[in-house]
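Read the structure below first, then the notes.
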Amino acid sequence: MMNKCMSGNEAVAYALMQINPDVMGAFPITPSTEIPEYFANYVANGQVNTEYVTVESEHSSMSVCIAAQAAGARSVCATSSCGLALMYELLYVAASCRLPITLACVNRALSGPININHDYSDSMGARDAGWIQIYAENNQEAYDNFIMAMPIGESPSIRLPVMTCMDGFITSHAVENIELLDTDVVRNFVGEYKPENYLLKKENPLAVGPYDISAYYMEHKVQEAESMKAAKARIKEVAARFAKISGRSYSLFEEYRMEDAQYAIVLMGSTAGTAKAAVDKLRQEGVKAGLIKIRVFRPFPGEELAQALANTRAVAVMDKSEGFSGNGGPLFTETRSALYDLKDRPYLIDIVFGLGGRDIKIEDIEKVFLRLANIAASGELGPVYTHLGQRSKEDVK
């Protein structure tokens, strides 16, 4: 192992180099552009044997990945925001064809209005496309998650594409000290891609992506859904293997100071670092605060999350994307559903924050916990679905 200061984008590109994929479909979009840029240097220097395909759009980059993966080649790409939206049709194709492509999604607000900063509106827009989604808090996790993605998605019992997500301009561009694994260790861990069936297998000719009539379509969708459910166990298996080579432990989510927490927040990504600082401060003041950082959003760890929150009194879900349902964001929807079957449910509210890169501070998180304490004391929820950090009409004038 070695320690090196890297941005998140550079760390993911380095992981790509260590894995040495067969094909990359490359098209730039802020803030993921650096990933194919860094990786292009590895290709040019002969450090990988990857076929690097430059294309005219993100739709085409995913098309390249689908064709290559269907032919039996391990395929990767990276994108953000409107790039992911342009792939929308093909995200469903990749998942339904059971092609375990790995995509680095550097999360950025989805237009409009046009904004290049971070929230989760891009990947949340694709949350039901059939892709496994794994989110990183920091650069180390971004690197680690990408290495774990292929053994997860390529497992014969899963065969689903994997989207590893990190926060645009926060995780992607900030430079942190990262512990890198040796390249031979990474390649041994990931292994070779050995699909059972593929287009170039002459012993067993097949078609990929044919018209699926109603007599068969639903059966295939059920198989896809069952594989997504099975992915939870596979994610934990791969994480246990990864801990043995790295010393770093991961699961479906991280519990932080939850052992006796009365008040908890549920969130994703880099905001967890700010929230942990707030929890530590409140603990010093005698407040039994805790947090859960969702790492795996698809498949959603509903039963496990309900168990982790079962003994809390009040919970705030913090969504860094707007659901436009009139009832809260996507993380809240999933969490609320997960808690429904609890005999004694905690009070639950949703707070949408940070849209388009709006900053959130430790004191903002403290205010959320203060609201939870007041809810638990009074039994009055107030508005269940609110926004945090936006200016009022008077402020804008």
With part of a loop (DSSP other than H, G, I, E, B) and at pLDDT 95 or above as the only criterion, which of PHE189, PHE146, PHE169 stands out?
PHE169
Looking at the range 85-113 only, could you name the residues that are farther than 18 Å from ALA73 by Cβ and in contact with a Cys (Cβ under 9 Å, 6 or more places away or on another chain)?
MET87, CYS105, VAL106, ASN107, ARG108, LEU110, SER111
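Please verify whether the range 27-39 includes one or more residues that are touching a Phe, Trp or Tyr at 6+ places or on another chain (Cβ under 7 Å), surrounded by fewer than 23 Cβ atoms within 10 Å (Cβ to Cβ) and either assigned by TED's automatic domain parsing to the domain that holds ASP167 or of a type outside the set (Ser, Thr, Tyr) (or both). Quick ask: steps written out before the conclusion?
Applying the first criterion (touching a Phe, Trp or Tyr at 6+ places or on another chain (Cβ under 7 Å)) to the range 27-39 yields 31.
If we keep only those that are surrounded by fewer than 23 Cβ atoms within 10 Å (Cβ to Cβ) too, we end up with none.
Looking for residues that are touching a Phe, Trp or Tyr at 6+ places or on another chain (Cβ under 7 Å), surrounded by fewer than 23 Cβ atoms within 10 Å (Cβ to Cβ) and either assigned by TED's automatic domain parsing to the domain that holds ASP167 or of a type outside the set (Ser, Thr, Tyr) (or both), one finds none in the range 27-39, hence no.
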Long-range neighbours under 9 Å by Cβ, at least six apart or interchain, first residue under 18 Å from ASN107 (Cβ atoms) within the range 169-183, second of a type in the set (A, V, I, L, M, F, W, C) and exposed (fewer than 15 other Cβ atoms within 10 Å of the Cβ)
GLU176/CYS5
In the range 247-298, the residues that are of a type in the set (Ser, Thr, Tyr) and more than 21 Å from ASP350 (Cβ to Cβ):
SER249, TYR250, SER251
Only residues that are buried (at least 19 other Cβ atoms within 10 Å of the Cβ) and among the charged types (D, E, K, R): list them for the range 45-82, please.
GLU58, ARG74
Residues that are among the aliphatic types (A, V, I, L, M) and more than 20 Å from GLU154 (Cβ to Cβ): find the strands (runs of 3 or more DSSP E) completely inside the range 1-80 holding 1 or more of those.
2-7, 23-26, 51-54
Extreme residue, modelled with the lowest pLDDT, among residues of the range 380-397 that are over 17 Å from LYS367 (Cα atoms) and of a type in the set (D, E, K, R):
LYS397
Tell me, which strands (runs of 3 or more DSSP E) wholly within the range 244-297 include 2 or more residues that are under 23 Å from the mean Cα position of the chain (by Cα) and buried (at least 23 other Cβ atoms within 10 Å of the Cβ)?
263-268, 289-294
Of all residues making up the range 119-157, the number that are touching a Pro at 6+ places or on another chain (Cβ under 8 Å) and over 22 Å from TYR250 (Cβ atoms):
1
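The values are calculated or read from the model by the stated rules, or taken from the named source; none is laboratory data. As the structure is a prediction and not an experimental result, all values here were calculated from the model. In this analysis, Cβ positions are derived from the backbone assuming ideal geometry, glycine residues included, and neighbour counts consider all displayed protein chains.
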